[in-house]
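Every number in this text was worked out from the coordinates using simple rules, so none of it is lab data. Small disclaimer: the values here were computed from a predicted structure and weren't measured. With ideal geometry, Cβ positions are generated from the backbone for all residues, glycine too; neighbour counts draw on all protein chains shown.
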């Protein structure tokens, strides 16, 4: 069953049950009021009858009764002297002795037989107490309640029809945005991933769904672009040394050459083969540092010691760079500098960031270490060439290199490798950069829990 049909059915059933319950309650309460009102009328007539038959001003009361009280259907009056054999008298007049006894004990009582209602009162103003009973057919139940039942039935049927129409209209209004979203989503494919679903109201549930779908499309678009960049860059990076090797081999084999020329050509091919081997090893290393934790030895490390070790290595590789270490933000509690991880992998991740800073900057490089309640934070800042803003989104793609980094040695593997290593350790890396002014890289790792 489609969602539209389910909503219509749910609304219709809910409103139908509510309407039926409301109509039933109205009918029950009105019926109860009708019975109570009719009994009250009979009680008044019983008192009037007693005063007419037994009172001292019977003629005046009789005249008032004729003028102001309309006679009821099959109205009958009964008078029973309680000082005599009232049981026999009750049976003679067709009344139940139990009902007469109830009137005598309680002062008044009511009874019903089919559609005939009885109201009895004990009249003690006469010389002898009398039980006065008035009976009549309930005209209101026979006519008014029948009219009420028919009216409520017609109103209920009309309400159900109206509810069906309203349910269909409301469902159409509610489902239309979903149908529009589905139609727009069907138009989006790998060829036009830039398209997005319109968000009418970001604060309602449909807006949240649209925002989630747009966010998913953003990730898909980024993934597709990353895949295209990887294929393009990897094919270029791997094809270049292969082309050089093949070209050099063709040149050597074109004709006989001297020993020195052969040695030079073989050396060139060896250099290019080594580059190819390094790039292949980089790809394998990148693949191996996915989310596979097998064979990894995690232990508790001190973040400050890790920073000092990495800085020492970077100083040996770039002796002309001044690497400043800022420990001014270290926490007072030493345990907040403890992290869990594989020593070699974390050193590799931090070294990639620090050596990149040294490589692309001819000035000072600053390394800062801090800690929050849950994380240890490493910050590496340089004042080098920076990264173009429109290329920042691709820096974690394997083999991608910024357009202004072509003159620097590298394969575009360091940042993707670092991100994979940090993900393995539950951490993250973020990069901010301004072209020509420098780059700031922040690494976050969770504090080791004892």
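What FRET efficiency, computed as 1/(1 + (r/R0)^6) with R0 = 41 Å and r the Cβ-Cβ distance, is obtained for residue 242 and residue 169, rounded to the nearest 0.05? Walk me through the numbers before you get to the answer.
Details: r = 68 Å, r/R0 = 1.65.
With R0 = 41 Å, the Cβ-Cβ based efficiency is 0.05.
So, R0 is 56 Å and r is the distance between the beta-carbons of residue 200 and residue 320; what FRET efficiency does that work out to, to 0.05?
After rounding to 0.05, the efficiency reads 0.45.
Using a Förster distance of 30 Å, how high is the FRET efficiency between residue 343 and residue 270, based on the Cβ-Cβ distance and rounded to 0.05?
My answer for the efficiency is 0.35.
Residue 27 to residue 434: extension gain in nm, 0.36 nm per residue of separation minus the Cα-Cα distance?
Result: 138.7 nm gained on full extension.
Between residue 162 and residue 149, what is 0.36 nm times their sequence separation minus the Cα-Cα distance? Round to one decimal in nm.
Additional length available on full extension: 2.7 nm.
Between residue 91 and residue 215, what length in nm is gained on full extension when 0.36 nm per residue of separation is reduced by their alpha carbon distance?
35.6 nm
Quick check: pseudo-label points 7 Å beyond the Cα along Cα→Cβ at residue 76 and residue 115, how many nm apart are they?
Those two pseudo-labels are separated by 1.6 nm.
For helix 97-106, what angle does its Cα long axis make with the longest principal axis of the chain, in degrees from 0 to 90 and rounded to 10?
80 degrees
Treating the angle as unsigned and between 0 and 90°, give the value, to the nearest 10°, between the Cα long axis of helix 205-254 and the longest Cα principal axis of the chain.
The answer is roughly 20 degrees.
Hey, quick one: spin label on residue 408, modelled 7 Å out along Cα-Cβ, who in segment 334-353 has an amide N within reach, i.e. under 17 Å?
Within reach of a label on residue 408: 349-353.
Please label the shape of segment 180-222 as rounded, prolate or oblate, based on the square roots a ≥ b ≥ c of the eigenvalues of the alpha-carbon gyration tensor (a/c under 1.5 means rounded; beyond that, a/b larger than b/c means prolate, else oblate).
Note, shape of segment 180-222 comes out oblate.
If I fit a long axis through the Cα atoms of helix 414-424 and take the longest principal axis of the Cα atoms of the chain, what angle between them do I get, 0 to 90°, rounded to 10?
Roughly 40 degrees between the two axes.
Give me the Å³ per residue figure for the convex hull around the C-alpha atoms of the chain.
342 Å³
For segment 299-446, compute Rh as the Kirkwood radius over C-alpha pairs and then the Stokes-Einstein diffusion coefficient at 4 °C and 1.567 mPa s; write the answer in µm²/s, rounded to an integer.
Using the Kirkwood radius from Cα pairs, D works out to 84 µm²/s.
Sum -39500 (n - 2.57) across every DSSP H segment of at least 4 residues in the chain, then divide by the residue count to get the 222 nm mean residue ellipticity, nearest 500.
Roughly -19500 deg cm²/dmol at 222 nm, from the helical runs in the chain.
Measuring from label point to label point, each 7 Å out along Cα→Cβ, what is the residue 260 to residue 98 span in nm?
It is 13.9 nm.
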